[in-house]
1. Quick one: is THR354 β-branched (Val, Ile, Thr) and under 23 Å from TRP207 (Cα atoms)?
2. Quick check on SER203: is it within 24 Å of GLN78 (Cβ to Cβ), buried (at least 24 other Cβ atoms within 10 Å of the Cβ) and within 14 Å of the chain's Cα centre (by Cα)?
3. Do we find that THR324 is farther than 25 Å from SER58 by Cβ, out of contact with any Phe, Trp or Tyr (no Cβ under 8 Å at 6 or more places or on another chain) and at pLDDT 95 or above in this structure?
4. Is one or more of the residues making up the stretch 130-140 out of contact with any Ser or Thr (no Cβ under 8 Å at 6 or more places or on another chain), more than 30 Å from GLU44 (Cβ to Cβ) and either touching a residue at least 12 places away in the same chain (Cβ under 8 Å) or surrounded by fewer than 18 Cβ atoms within 10 Å (Cβ to Cβ) (or both)?
5. Has the stretch 181-188 got at least one residue that is buried (at least 24 other Cβ atoms within 10 Å of the Cβ) and either of a type outside the set (Ser, Thr, Tyr) or in contact with a strand residue (DSSP E or B) (Cβ under 7 Å, 6 or more places away or on another chain) (or both)?
6. In this structure, does ALA306 turn out to be more than 20 Å from LYS157 (Cβ to Cβ) and outside any helix (DSSP H, G or I)?
7. Please indicate, with yes or no, whether at least one residue in the stretch 273-282 is in contact with a Gly (Cβ under 6 Å, 6 or more places away or on another chain), of a type outside the set (Gly, Ala, Ser) and either crowded, with 24+ Cβ neighbours inside 10 Å or modelled with pLDDT under 95 (or both).
8. Can you name the number of the only condition in (1) surrounded by 21 or more Cβ atoms within 10 Å (Cβ to Cβ); (2) small (Gly, Ala, Ser); (3) closer than 29 Å to LEU45 by Cα that SER152 fails?
Amino acid sequence: MELRRLAGAMAVALATTLTASVSFADAEPLVPAAPVAEAFTLPELIGPYPSDAPARGSYIGVLDGFTEIRDTRPDLLQRNLDRGVEINNAATPVEQQRALFDDNHDRLLSLSDGLGAGLGGIFRAALAQHRLPKVAALLAGDLARAGGIANSTLVEKNHWSNPRPFEVVPERIVAYRGDGISGGADPFADVYGTDSYPSGHASQAYWKGILLADMLPELAPQILTRASEIGNGRIVLGVHYPLDVMAGRIMGQAAAADRLDDPAFARLVDEAGAELRAVLETAAGMPLRDYIASDSPYRSAETARAEFRERLTYGFERIHPDATNGIPAEAAVLLRAAAPDLTDEQRLDVLRQTAIPAGYPLDRTGPDGGWLRLDLVAAHEAVAGN
């Protein structure tokens, strides 16, 4: 009950401070006028909604695979550290700059890359010109209404109190710094003394990415791969371990499922999606599918597929090769827009067929298990017939 009261209070605070404005200094040229979009009303933003608090009370249960690792697998903790150091030390200049950009900008702006070169520019311009008030209200900034408690990983971080890589082995981590505008000036200073597990940036990238992909299912593999890059960037910067980022994906997926499984809140997502598609299609001057086919994608389909799959496990071996678990029933809703003609059981079957095997680090058995196994890029490709 305490979390639900907190969620209600947060909803009121968020709704009274949210605006439809998003500031992007590098906004593209004016987007042609589309049907006038109306912002959500204050009561619609306030709610409250059942999904304002996690269905499970918190996300500790779905993330608790870390407790076994911390308590019984020092070898795996060392591998987690070493793999993080490897990624940090080997980062290319492009990877460094993109990680710094993501560190210093809203996840929604970063995710817009996944729309493609042309459509992403249209999207950013429309946000800057306040033509997407509903999308902005749900997904823009740290006060995004679709976030609520899911915008914060404080409860989960406090539960494990795991220190960050740059504080544990400062002599092994390379510090990358930006100019404070295009990239974070000092990523270490921003998070010094705070807990590492799970990654809040990764969690937010995934739940925002999943909801954006729900609005634009044609681009789901691209958007979700961009979300995975945001998470990977936290390892590049030395502020998170691979397991932190894997946990962020678990939490982000569960948080997005909570929202989409809440009919009242899902209506807001549907309205924002209709707004988005109308604005983009008007600006593109042709059906979205045709424009997407002619646009330059963020990644080729093959590259997106491979990058996303690699970041599901970061090269860890299965620690419980004999483990069996199911895909959580709540995850079916994550394919609702991509496969509207399928039943929930059929969507679950797609998720089962495209999932990675059970037993990797952080994977759990029982009612909280199975979230790690989801390969949402493969699942979206499967229902699209790719």
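1. Numbers: β-branched (Val, Ile, Thr): yes; under 23 Å from TRP207 (Cα atoms): yes.
The answer is yes for THR354.
2. Numbers: within 24 Å of GLN78 (Cβ to Cβ): no; buried (at least 24 other Cβ atoms within 10 Å of the Cβ): yes; within 14 Å of the chain's Cα centre (by Cα): yes.
Against the criterion (within 24 Å of GLN78 (Cβ to Cβ), buried (at least 24 other Cβ atoms within 10 Å of the Cβ) and within 14 Å of the chain's Cα centre (by Cα)), SER203 does not qualify.
3. Values: farther than 25 Å from SER58 by Cβ: yes; out of contact with any Phe, Trp or Tyr (no Cβ under 8 Å at 6 or more places or on another chain): yes; at pLDDT 95 or above: no.
The answer is no for THR324.
4. no
5. Applying the first criterion (buried (at least 24 other Cβ atoms within 10 Å of the Cβ)) to the stretch 181-188 yields 187.
From the residues that got through so far, the ones that are either of a type outside the set (Ser, Thr, Tyr) or in contact with a strand residue (DSSP E or B) (Cβ under 7 Å, 6 or more places away or on another chain) (or both) too are 187.
Within the stretch 181-188 (the criterion being buried (at least 24 other Cβ atoms within 10 Å of the Cβ) and either of a type outside the set (Ser, Thr, Tyr) or in contact with a strand residue (DSSP E or B) (Cβ under 7 Å, 6 or more places away or on another chain) (or both)), the answer is yes, since at least one residue qualifies.
6. Values: more than 20 Å from LYS157 (Cβ to Cβ): yes; outside any helix (DSSP H, G or I): no.
Spelling it out, it is not the case that ALA306 is more than 20 Å from LYS157 (Cβ to Cβ) and outside any helix (DSSP H, G or I).
7. As a first pass, look at the stretch 273-282 and keep what is in contact with a Gly (Cβ under 6 Å, 6 or more places away or on another chain): none.
No, that holds for no residue.
8. (1)
The values are calculated or read from the model by the stated rules, or taken from the named source; none is laboratory data. These numbers come from a predicted model, not from an experiment. Glycine also receives a Cβ, built like all others from the backbone with ideal geometry; neighbour counts cover every protein chain displayed.
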